[in-house]
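Structure first, then comments.
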Amino acid sequence: MLSRRVIDTVANFEVARLRRFSPAIFGDIGFRLVFYKTVVCISLIKLVGWAQMSNRVFPIFIALLFWLGIYSGWILASRPSFSIPAVLNVVGIVYSMIAVIVLYETIAQSQAFKKIIVSHLAPVLLWANTIIPLGVASSWFLIRKLPHGNQVGVFGFSFFVYSILPLAFMEATVTFPRIAKLMSLDGRHRRFGFFLLLSGLFMQLVAALCAL
């Protein structure tokens, strides 16, 4: 099993990076956004009992993610200053943290861990990265009169549109592969890890270019 010391080491390293690259946003909203997203995802995984979601649980799952998106939009719009590069840095580093854990050697050698990742964690993240930005975009109706309501609404919608293509690729190759060659557990696990890693690095690159 992945030791707590390893997880803490990775987390501390990424938090240090987050503080260095996004010091203004981390202290106020960065931790809360990461914390609430993590708590919601873990709670939902426990709620379904590591099994397929029933028709009753799925609407609750979607509603919680949508609420998280609206709440995130409200937090961002309420700040005195709003920086898209800083937000992209936060999201990119979170992706990278998850990728490091997913591709960690102990997990990569465990069939049970890999099955949990591709069968449960990947679908949860797939929906989270679709519904949360949609919730942020929808929060515009509530936050449009706040200091940065319009910017946050546009950012949420833009991130939602961007997420469609890469998430469609992940859905077809990781969570629900339809081609026999793509159905192996090892391949799905590797593709998911590399998807998270490349997505995180891409977001941080975009953030750095926007900050130039």
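Observations on the structure shown:
- As a rough footprinting exposure proxy, the listed residues MET203, MET183 were ranked by other beta carbons within 10 Å of their own, and the order from fewest upward is MET183, MET203.
- Report note on the peptides 79-89, 160-170: ranked by the mean count of other C-beta atoms within 10 Å, highest first, their order is 79-89, 160-170.
- Local charge for HIS189 was computed over the other residues whose Cβ lies under 14 Å away, with Lys and Arg +1 and Asp and Glu -1, and equals +3.
Bear in mind that the values in this text are calculations on the coordinates, not laboratory data. These figures come from a predicted structure and were not determined experimentally. Every residue, glycine among them, receives a Cβ derived from its backbone with ideal geometry; neighbour counts consider all protein chains shown.
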